[in-house]
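Notes to accompany the following structure.
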Amino acid sequence: MTMSETEEMIMCDEVGRVRERINLTDGKLEGETVLYDETGEVTQKINFRDGLMDGEMVFFHKGIMLLRSTYKAGLLEGVSTTFDEYGQPLMQQSYKSGKLDGDSHWYQADGKAVKRSQFHDDKLHGITVEYYADGKPHIRSQYKGNKLDGEVVEYAEDGSIKTRVLYREGVLMSDML
């Protein structure tokens, strides 16, 4: 039985600057791949196993992390976070076997919540809350299988209920106010 050897390959541009570092085992990507911009700054780090993304994937711009995700056997797995140019989270989404599954959060530049939704099997499923700029709830809705299912409540900025309606499987059933 022979062991596979890992070969590091370095790709350079026309003036000799390193643009990519990859590792191949039996012709498949294996381990960390690193991509660089024209100034030599790292733009991407991606881990591979047997030719598939497996592990952390990170994108950078001018040294600032813009995206961090985790993959397992080529599919998104766990929390994926998108950041702004100052390193503050803009969006966090949970994945299971490549599909949205769990809580997703969107944020303003100041860190206050814009929206929170729950997903299951890549579909809205559970509570979604949209927020006013000051962080107070604006609209609270319930979903099942990507369809409104339950109460949808719109709040005024003072917190009082503005409208309340009831949905079943995407169909408006009643106006409760």
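The values are calculated or read from the model by the stated rules, or taken from the named source; none is laboratory data. Keep in mind that this is a model prediction, so the values were computed, not measured. Neighbour counts are summed over all protein chains in view; Cβ atoms, including those assigned to glycine, are modelled from backbone coordinates with ideal geometry.
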* To do: Specify which of the listed residues (Glu77, Glu154) is farther than 29 Å from Gly55 by Cβ, touching a residue at least 12 places away in the same chain (Cβ under 8 Å) and in contact with a strand residue (DSSP E or B) (Cβ under 7 Å, 6 or more places away or on another chain).
  => Glu154
* Asked: Does Arg68 fit the bill of being part of a strand (DSSP E or B), under 18 Å from the mean Cα position of the chain (by Cα) and among the basic types (Lys, Arg)?
  -> yes
* Do you know which residues across segment 65-122 are basic (Lys, Arg), more than 25 Å from Gln44 (Cα to Cα) and surrounded by 15 or more Cβ atoms within 10 Å (Cβ to Cβ)? -> Lys115, Arg116
* Filter pass, Lys147 being of a type in the set (Lys, Arg), out of contact with any Phe, Trp or Tyr (no Cβ under 6 Å at 6 or more places or on another chain), closer than 30 Å to Leu76 by Cβ and surrounded by fewer than 17 Cβ atoms within 10 Å (Cβ to Cβ) -> yes
* Asked: Based on what the data block shows, is Glu56 in a strand (DSSP E or B), over 24 Å from the mean Cα position of the chain (by Cα) and either loosely packed, with under 15 Cβ neighbours inside 10 Å or assigned by TED's automatic domain parsing to the domain that holds Ser104 (or both)?
  -> no
* Asked: Just one of Glu20, Glu32, Glu8, Glu38 is assigned to a strand (DSSP E or B), within 26 Å of Glu85 (Cα to Cα), free of Cβ contacts under 8 Å to residues at least 40 places away in the same chain and more than 22 Å from the chain's Cα centre (by Cα); which is it?
  -> Glu20
